[in-house]
Amino acid sequence: MKLIIGNKNYSSWSLRGWLAMKQSGLSFEELTVNIGGEEWDIAKQTSEDIMPSGKVPILWDGDTVIWDSLAILEYLGDKVGRDRFWPKDDAARGMARSIVAEMHSSYRSLRAECPMNIRRRVENVRLSDDCRDDVVRILQLWAEARARFGTSGPFLFGTFGAADIFYAPVVSRFLTYGIGVPGFAQAYMQAVWEHEWMQGWIAAAEDEDWVLAQYEGAPA
């Protein structure tokens, strides 16, 4: 299996696909590409055979190609068993699927104003009303998941799973831009940030030489 990902410092969707691969327990080859500038544009034009969507992450499993991080996670769940990613309880699994789908399709203001930048720390950020609404909604979901289903461990549904994979880049954003959160969220964010796989990703991001100017400006 071969996983093509973008810059570890900036590519939030690549982080999700990579964490899904780690969670699957399957061995895979990792290929990192610089998603900024002319090199990336040339790569997309000349590599349609390996990057059919022109976006990352992309998983190749023999002759099978899967793009989009949620599709990758579901494909891996089919191979190794869905219980590795999703809670066994029906109610918990229903909520987990819902909040993952919401993360996949929502929070456009947070994404636009606070792009993932693992190496950066920003003080006194001014967020738009729409972005603050995104933050409040995410915290509400975290609070409900932790209160209803998270008593068996430090993650949203107790043990590390699909929901944590999809909200890991949000944890990074909240830390980068100094977004204040209540105590329960601080504890959850610490658990995600200190997870051994996250620590491996963070170390690699810090070692990258690539700097993308469009992601280095302060939020509006």
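The values are calculated or read from the model by the stated rules, or taken from the named source; none is laboratory data. Just so it is clear, the model here is predicted, and its values are computed rather than measured. Every residue, glycine among them, receives a Cβ derived from its backbone with ideal geometry; neighbour counts consider all protein chains shown. For accessibility, only protein heavy atoms count, side chains too; no ligands or nucleic acids. Shrake-Rupley method; radii C 1.70, N 1.55, O 1.52, S 1.80 Å.
Residues in the stretch 50-60: is at least one within 19 Å of F166 (Cβ to Cβ), of a type outside the set (V, I, T) and open to solvent by 50 Å² or more (accessible area, probe 1.4 Å)? Step through it out loud before you land on a result.
Filtering the stretch 50-60 for residues within 19 Å of F166 (Cβ to Cβ) gives 53, 55-59.
Retained after the next criterion (residues that are of a type outside the set (V, I, T)): 53, 55, 57, 59.
So of that shortlist, the ones also open to solvent by 50 Å² or more (accessible area, probe 1.4 Å) come out as 55.
Looking for residues that are within 19 Å of F166 (Cβ to Cβ), of a type outside the set (V, I, T) and open to solvent by 50 Å² or more (accessible area, probe 1.4 Å), one finds at least one in the stretch 50-60, hence yes.
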- Query: What pairs can you find where one residue is in the stretch 155-167 and open to solvent by 10 Å² or more (accessible area, probe 1.4 Å), the other is part of a helix (DSSP H, G or I) and among the acidic types (D, E), and their Cβ atoms are less than 7 Å apart, with a gap of 6+ or different chains?
  - Reply: F155/D164
- Message: Looking at the stretch 181-204, can you tell me whether even one residue there is open to solvent by 40 Å² or more (accessible area, probe 1.4 Å), in contact with a Gly (Cβ under 7 Å, 6 or more places away or on another chain) and over 27 Å from R108 (Cβ atoms)?
- Response: no
- Item | Inter-residue pairs, beta-carbon under 6 Å, first within 9 Å of I4 (Cα to Cα) and in the stretch 45-64, second modelled with pLDDT of 90 or more and among the β-branched types (V, I, T), 6+ apart | M51/I58; V56/I4; V56/I5; P57/I5; I58/I4; L59/I66; L59/I72
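Among the residues of the stretch 34-54, is there at least one that is at pLDDT 95 or above, assigned to a loop (DSSP other than H, G, I, E, B) and not hydroxyl-bearing (S, T, Y)? Can you show your working first?
First pass over the stretch 34-54, keeping only residues at pLDDT 95 or above: none.
No, there is no match, as no residue in the stretch 34-54 is at pLDDT 95 or above, assigned to a loop (DSSP other than H, G, I, E, B) and not hydroxyl-bearing (S, T, Y).
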- Do we find that R120 is open to solvent by 80 Å² or more (accessible area, probe 1.4 Å) and of a type in the set (K, R) in this structure? no
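Would you point out the residue of the stretch 84-93, among those that are part of a helix (DSSP H, G or I) and either touching a Leu at 6+ places or on another chain (Cβ under 8 Å) or touching a residue at least 24 places away in the same chain (Cβ under 8 Å) (or both), that is surrounded by the fewest Cβ atoms within 10 Å (Cβ to Cβ)?
Of the stretch 84-93, the ones part of a helix (DSSP H, G or I) are 84, 90-93.
Imposing the further condition that a residue be either touching a Leu at 6+ places or on another chain (Cβ under 8 Å) or touching a residue at least 24 places away in the same chain (Cβ under 8 Å) (or both) reduces the set to 84, 91-92.
Numbers: R84: 16, A91: 10, A92: 20.
Looking at the filtered set, the residue picked out is A91.
Return the residues of the stretch 84-101 that are among the charged types (D, E, K, R) and closer than 17 Å to R146 by Cα; say none if nothing qualifies. Quick ask: steps written out before the conclusion?
First pass over the stretch 84-101, keeping only residues among the charged types (D, E, K, R): 84, 88-90, 93, 97.
The answer is K88, D89, D90, R93, R97.
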- Query: Which of the residues belonging to the stretch 65-83 are open to solvent by less than 60 Å² (accessible area, probe 1.4 Å) and either on the phi < 0 side of the Ramachandran plot or touching a residue at least 60 places away in the same chain (Cβ under 8 Å) (or both)?
  - Reply: V65, I66, S69, L70, A71, I72, L73, E74, Y75, L76, G77, V80
